[in-house]
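Only one structure is covered here, and it is reproduced in the block below.
The values are calculated or read from the model by the stated rules, or taken from the named source; none is laboratory data. What you are looking at is a predicted structure, and each value in this text was computed from that prediction instead of being measured. Glycine also receives a Cβ, built like all others from the backbone with ideal geometry; neighbour counts cover every protein chain displayed. Each accessible area value is taken on the protein alone, full model and side chains, heavy atoms only, with ligands, DNA and RNA left out. Shrake-Rupley method; radii C 1.70, N 1.55, O 1.52, S 1.80 Å.
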Amino acid sequence: MHQNKNIALFLPCYVDQFYPNVGIATIQLLEKLGCKVSFPMDQTCCGQPMANAGYERDTVGTAKHFIKTFKDFDYIVAPSGSCVLHVKEHSPSIQGFETEQAAMHHKIFELTEFLVDVLRVGPIKGSYPHKVGFHSSCHGQRGLRLSASSELNEPPFNKAKQLLEGLEGLEWVELDRKDECCGFGGTFAVTEEALSIQMGKDRLADHQKNNVEILAGGDMSCLMHMQGISSRNNNGVKFKHIAEILNEVIR
Amino acid sequence: MNHPEKAAVFLEDKENAKWHDETLWFVRDKRDVVSKSIPEWEELRETASQIKDNVLSNLDEYLVEFERNALANGIKVHWAKDAEEHNKIVLNILQQNDCKAIVKSKSILTEECHLNQYLEKNGVDVVDTDLGERIVQFLNQPPSHIVLPAIHLKKAQVSDIFHDKLNTEKGNHDPSYLTNAARLHLREKFLAAKVALTGVNFGVAETGEFVVCTNEGNADMGVHLADVHVACMGIEKIIPKREHLGVFLRLLARSATGQSVTNYNSHFRSPAKGKEIHIVLLDNGRTEQLGREKFKNSLKCIRCGACMNTCPIYRRSGGYSYGSVVPGPIGSILSPGIDLKKHSSLPFASTLCGSCSDVCPVKINIHEQLYEWRQEITKAQTSINAKSLAMKFANGIFSVPFAYKLGGSMMRGALKLLPHSITYSNLNTWGKERDLPEVPKESFKDWYKKNKL
């Protein structure tokens, strides 16, 4: 069914600039799964950094541009829970585009959500003999509900785990604090620098204590923050976006 | 100092910061476990949330009903517009009873009114009888947590304070020994006090009774020994019916400390023969908050403190870093309504991770309100500061694709060319303790153009 759909890839601006491999992996992965994907070249940023800093009202231009760029696609897929959540919940409403904007909230998906809920791919076959620790971004987890949150009394689920657990040799590592924030938080990373660093160090320590070899995640922003701390302290953990892992194992 | 500055100071003592984080995590974890032992937990939260929504929509009527029933029960009811009126009312009651020394059980509301300082200035000796509160009172400190007022202190520190104030053995850190010393000390105060002051957890409109929850029984001890009971209550503490306690009491202690119920849930309905009960109903900005559509449901709070225990920021920066009577996430959405300028850094003391909203027993959307306060605060900033200029500039970039492309390649180029000393200088806060990502040769867009178009 999805073969005939027009799917747009939406990349967070910092992924476009700093992590082109994550974009490439996402597009290749979707194509391997039979999707027709294009990347609208005019796309910029969703406006989240400004809105979270208290300037949502200044993102009208950005939000309008986003709608114009993506409104004609059947699906919009992004390898980022955070940016998708922003588009759904914190874009200012744009006059003249109310219908398109409302429709967009039902057709924009974070990558693992799209794979599990729309494409309905089962556990993926392949081999990935590594100890993987997964960092669920808070916006993906508690915002988009991509995995169960430890505060709620709900049955455990995790969309990323669903995709990864079938891989031969992959060991899914359970952390001591399974869903504590890493401390990135956008501008928080610089306005509350001391706390941000401490939170990142604590999160890394949990992965290391549990002998994680590859720290994977669905949001590069969290990974960029933790990787920055890890690399400064030379502690040898590898970082991968889940799109990179899945694209690597699917031939 | 604002929140980031105080947090940085708190984190300097690495060992203490780690201990603080782990101590509160222990409480959080206990709450997580116990909440999962109740199959209908989420249903309880939803019910509590709806009861409180109903209360906030009909607060005027419930308050009048409560007053009517309380008066019929023989309780004296007082209304206070603000902290000043509240304090005067309390002092007046004390003066009428010729009372120079009172015992007081835990009440964050009286902290909000700075009642202790006011009474002491007017010659009244106030003794906090909650153990944690007594400890911080010895230090002239406010509580650092609304449920665990002295959680920032280790038992060795408590031992030193007790040695100093209560003459306990120096270096004896045994919690039973210390608690016993406090008990003996407080007993004298209980026996001497003519007036006992308490807070209120729930005021029941249909019966005019009110409920005070403590773990130590100190509220009861104070009230039963005194001739006069003064209960100080925020107007949002109303619940419509007594049966609603079946929802709230199940949520309160489990959320607060992971206990199944608080040890003492005492109902006060009418004064015993020859005694008096006064209730002081305080507004102090609550009506104003009720009028703020985006923020009014912060008034649903039952003061369990779960959002503090779960908050990765609170655990690592301590209650005092907030500089507000109620610290932590709930404090950061209540305090800006009281003094926006003073508390303007608080809504930014969050990664918007959402843990506070998921843990809240009455389902306050705390992290959403933090986001909304950020919008209000930047609007209120009259002078154009550096951040707002940068943000305006960014909006310009992101709404024009060409400018974004140019900016991006310039940014990547600059990172490659700038010497390490500049990229990682103190000017670059990101780079102080974090490396920047390695700069790729081409952006995704460059790759896409080459390979896909």
Next on the checklist: Being open to solvent by 20 Å² or more (accessible area, probe 1.4 Å) and away from chain A (no Cβ under 14 Å) narrows it down to one residue among B:372, B:368, B:288; which is it?
Outcome noted: B:288
Item to check | Among residues of the range A:54-112, those that are in contact with a Phe, Trp or Tyr (Cβ under 9 Å, 6 or more places away or on another chain) and at positive phi, counted | outcome: 1
Checklist entry - Out of the range A:88-113, which residues are in contact with a strand residue (DSSP E or B) (Cβ under 7 Å, 6 or more places away or on another chain) and in contact (Cβ under 8 Å) with a residue 60 or more places away in the chain? => result A:108, A:110, A:111
Next on the checklist: So, residue A:246, is that one crowded, with 21+ Cβ neighbours inside 10 Å and assigned to a helix (DSSP H, G or I) or not?
Outcome noted: yes
Next on the checklist: Being at pLDDT 95 or above and not in a helix (DSSP H, G or I) narrows it down to one residue among A:133, A:140; which is it?
Outcome noted: A:133
Checklist entry - Hey, does the range B:82-95 have a residue that's of a type in the set (A, V, I, L, M), open to solvent by 20 Å² or more (accessible area, probe 1.4 Å) and part of a strand (DSSP E or B)? => result no
Checklist outcome for this item: For the range A:205-224 the number of residues that are open to solvent by less than 30 Å² (accessible area, probe 1.4 Å) and more than 7 Å from chain B (Cβ to nearest Cβ) is 13
Next on the checklist: Can you find, within the range A:194-204, the residue that is nearest to the chain's Cα centre (by Cα) among those that are at the interface with another protein chain (Cβ under 7 Å from one of its Cβ atoms) and either at pLDDT below 95 or surrounded by 24 or more Cβ atoms within 10 Å (Cβ to Cβ) (or both)?
Outcome noted: A:199
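Looking at B:208, B:203, which one is in contact with a strand residue (DSSP E or B) (Cβ under 6 Å, 6 or more places away or on another chain) and either open to solvent by less than 10 Å² (accessible area, probe 1.4 Å) or under 22 Å from residue B:44 (Cβ atoms) (or both)?
Numbers: B:208 fails: in contact with a strand residue (DSSP E or B) (Cβ under 6 Å, 6 or more places away or on another chain).
The unique qualifying residue is B:203.
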Checklist outcome for this item: Taking the range B:107-146 and keeping residues assigned to a loop (DSSP other than H, G, I, E, B) and open to solvent by 30 Å² or more (accessible area, probe 1.4 Å) leaves B:114, B:122, B:123, B:139, B:140, B:141, B:142
Checklist outcome for this item: residue B:183 vs (1) touching a residue at least 12 places away in the same chain (Cβ under 8 Å); (2) within 30 Å of residue B:245 (Cβ to Cβ): all pass except (1)
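Please work out if residue A:16 is facing chain B (nearest Cβ under 10 Å) and either without any contact (Cβ under 8 Å) to a residue 12 or more places away in the chain or outside any helix (DSSP H, G or I) (or both). If you could, list the steps in order and put the result at the bottom.
On the way: facing chain B (nearest Cβ under 10 Å): yes; either without any contact (Cβ under 8 Å) to a residue 12 or more places away in the chain or outside any helix (DSSP H, G or I) (or both): yes.
Considered against the rule, which asks whether it is facing chain B (nearest Cβ under 10 Å) and either without any contact (Cβ under 8 Å) to a residue 12 or more places away in the chain or outside any helix (DSSP H, G or I) (or both), residue A:16 comes out as yes.
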Checklist entry - All but one of (1) buried (at least 22 other Cβ atoms within 10 Å of the Cβ); (2) in a loop (DSSP other than H, G, I, E, B) hold for residue A:177; which doesn't? => result (1)
Checklist entry - Is it true that residue B:214 is among the hydroxyl-bearing types (Ser, Thr, Tyr) and within 24 Å of the chain's Cα centre (by Cα)? => result yes
Next on the checklist: Let me spell it out: the conditions are (1) over 30 Å from residue B:154 (Cβ atoms); (2) in contact with a Gly (Cβ under 9 Å, 6 or more places away or on another chain), and residue B:32 meets all of them except one. Which number is the exception?
Outcome noted: (1)
Checklist entry - Mind checking which residues of the range B:147-179 are under 26 Å from residue B:326 (Cα atoms) and open to solvent by 60 Å² or more (accessible area, probe 1.4 Å)? => result B:154, B:155, B:157
Next on the checklist: When you scan the range A:110-118, do you find a residue that is among the aromatic types (Phe, Trp, Tyr) and within 14 Å of chain B (Cβ to nearest Cβ), even just one?
Outcome noted: no
Checklist outcome for this item: When restricted to B:276, B:216, the only residue touching a residue at least 40 places away in the same chain (Cβ under 8 Å), touching a Lys or Arg at 6+ places or on another chain (Cβ under 7 Å) and acidic (Asp, Glu) is B:276
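Every residue, every condition in (1) within 12 Å of chain A (Cβ to nearest Cβ); (2) free of Cβ contacts under 8 Å to residues at least 60 places away in the same chain; (3) more than 10 Å from the chain's Cα centre (by Cα); (4) buried (at least 24 other Cβ atoms within 10 Å of the Cβ), yes or no:
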site	(1), (2), (3), (4)
B:308	no, no, no, yes
B:317	yes, no, yes, yes
B:324	no, yes, no, no
B:327	no, no, no, yes
B:345	yes, no, yes, no
B:350	yes, yes, yes, yes
Item to check | One residue from B:242, B:254 being farther than 14 Å from residue B:105 by Cβ, in contact with a helix residue (DSSP H, G or I) (Cβ under 6 Å, 6 or more places away or on another chain) and open to solvent by 20 Å² or more (accessible area, probe 1.4 Å) | outcome: B:254
Checklist entry - Among the residues of the range B:203-212, is there at least one that is free of Cβ contacts under 8 Å to residues at least 60 places away in the same chain and charged (D, E, K, R)? => result no
Item to check | the range A:29-45, subset crowded, with 17+ Cβ neighbours inside 10 Å and part of a helix (DSSP H, G or I), residue nearest to the other protein chains (Cβ to nearest Cβ) | outcome: A:30
Next on the checklist: I need the full set of residues from the range B:194-212 which are in a strand (DSSP E or B) and of a type in the set (Asp, Glu), in order please.
Outcome noted: B:209
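Here is a yes/no grid of residues against (1) at the interface with another protein chain (Cβ under 9 Å from one of its Cβ atoms); (2) open to solvent by less than 30 Å² (accessible area, probe 1.4 Å); (3) at pLDDT below 95:
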| position | (1), (2), (3) |
| --- | --- |
| B:359 | yes, yes, no |
| B:385 | no, no, yes |
| B:408 | yes, yes, yes |
| B:420 | no, no, yes |
| B:434 | yes, yes, yes |
| B:444 | yes, yes, no |
| B:449 | yes, no, no |
Item to check | Flag for residue A:95 being under 15 Å from the mean Cα position of the chain (by Cα), over 17 Å from residue A:8 (Cβ atoms) and in the same structural domain as residue A:109 (by TED's automatic domain parsing) | outcome: no
